[in-house]
Amino acid sequence: MIGQKYVPSREGGVEVVVEQLSTNLVNKGNEVTIFNRRRKQYPKISEYKGCKIENIFTIDSKALDATVYSFFATLKAKRIAKKGCFDILHFHAEGPCLFLNLLPNRKHRKYKIVVTIHGLDWQRGKWGGLATKVLLKGEQNAVKYADEIIVLSKSAQEYFKSKYNRDTIVIPNGVSEPVFHDPDIINKKWGLTKNSYILFVARIVPEKGLHYLIQAWKGLDKTVKGDKKLVIAGSSSHSEDYCNSILEMVKDDNSIIMTGFAEEQILQELYSNAFLFVLPSDIEGMPMSLLEAMSYGNTCLVSDIPENKDIIGDNCYSFKKGDIPDLIKKLSFILFKNNNEEKCNSRNLPWNEVSDTILDVYRGKK
């Protein structure tokens, strides 16, 4: 597995996917090696839940981290693969595919290259011009060199067919069984109780659209909001300027709570007790936080991009992407209705089934 920052971690959806896929594959009798990035803030480990860990050199720099890691990870995989130790090299996301051209072509290797495209990363607002070109080159190399490409949605499949005439396989992300909790830690830390807050869970980066949600929240009538809070659970990811702008927007507003990065029981409590989950993103691959919120039965309100609407179907609410007045309108309707009995129905696959499907791709049965 190549492309994630670090396992175990919830830094982003890629990390969650790689951890769940890898551990499920090991439980099915496969040998899995995870190429973690070697950073001083990450504990150096050699094994995780039966998976072997390789710690790959990188530079702790926003501009160079992913590129340096991808280069050395690809070279390391090439060396190990020469010994016949791998059947599959599975690359995750577009950036890590930048150096696929360094690997032997199909005729001269016995292993298969599989790529999962978690989203069209070059479109994301946090990247500058050069980074965007690098990510786009990674996408193009995935199309040119991968034996199989997995995408997460029909809209992504249509994109690759239309732009590159490249066939891809749609395999949505799985979701873990929800663990429900009463509001214990979140009550002690922030005074939160059952159904007392609206929840946003995501990295604080421009494409997640948090700025729309904050502006809409501030534009809501106070009688509609009542005593409810807006809870923002997440941290920045190569987007310090944007994060600072968010902090400026929320300062002096006691109705907005920023928890920082949330995981384990705190995150489970937040999902378990939310009145409403909101994801106002401009761009997504397949948002893990939305899958998780739906698995907890949360009522959900999302932007109407295809990647979100593919998940929610007709069971939840949506608003026009980037349209703050429409977001205010939908929030007002849900809050005024004040009825969270109409839960979103989760149609998500468990990770066990997802890993079986990916095994079929590895084996050429899909």
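Over the C-alpha atoms of the range 231-312, the Rg to Rh ratio, Rh being the Kirkwood estimate, stands at 0.96.
Here the Kirkwood formula puts the hydrodynamic radius of the chain at 21.4 Å, using every distinct Cα pair. Among 97-105, 78-86, the peptide with the highest mean count of other Cβ atoms within 10 Å heads the list, and the full ranking is 97-105, 78-86. Picking from Tyr69, Ile80, His211, whose Cα lies most toward the positive end of the charge dipole for the range 54-212 (charges on Cβ: Lys, Arg +1; Asp, Glu -1)? So the residue furthest toward the plus end is Ile80. Note on the chain: with a GNM built from Cα contacts shorter than 10 Å, the maximum mean-square fluctuation among Gly297, Gly29, Gly285 falls on Gly29. Working note: 222 nm ellipticity from helices only, DSSP H runs with n ≥ 4, each -39,500 (n - 2.57), summed and divided by the residues of the chain, gives -12000 deg cm²/dmol to the nearest 500. As a rough guide to protection, the peptides 274-280, 179-185, 149-155 ranked by mean Cβ packing within 10 Å, highest first, stand as 274-280, 149-155, 179-185. As I understand it, the dipole of the chain uses +1 on the Cβ of Lys and Arg and -1 on the Cβ of Asp and Glu, about the Cα centre. Which of Gln268, Ile113, Trp351 lies farthest toward its positive end? Among Gln268, Ile113, Trp351, the one farthest towards the positive end of the dipole of the chain is Ile113. Using alpha carbons only, how many degrees (0 to 90, rounded to 10) separate the axis of helix 13-27 from the longest principal axis of the chain? Once rounded, the angle reads 60 degrees. For the residues Leu64, Leu291, Leu230, a GNM of the chain with alpha-carbon springs under 10 Å puts the largest fluctuation on Leu64. Using the Cβ-Cβ distance between Tyr42 and Cys85 with R0 set to 22 Å, the FRET efficiency works out to roughly 0.35.
Charged side chains reduced to their Cβ positions (Lys and Arg at +1, Asp and Glu at -1) give the chain a dipole of some 1420 debye around its Cα centre.
Restricting the GluC sites (Glu not before Pro) of the range 204-302 to loop positions (DSSP other than H, G, I, E, B) with no more than 12 neighbouring Cβ atoms within 10 Å leaves Glu263. Taken about its Cα centre, the range 136-205 carries a charge dipole of roughly 340 debye when the Cβ of each Lys and Arg holds +1 and the Cβ of each Asp and Glu holds -1.
We did not get these values from a lab; they are worked out from the coordinates using the rules stated. Fair warning: this is a prediction, and the values are worked out from it, not measured in the lab. For neighbour counting, all protein chains shown are included, and Cβ atoms are generated from backbone atoms with ideal geometry for every residue, glycine included.
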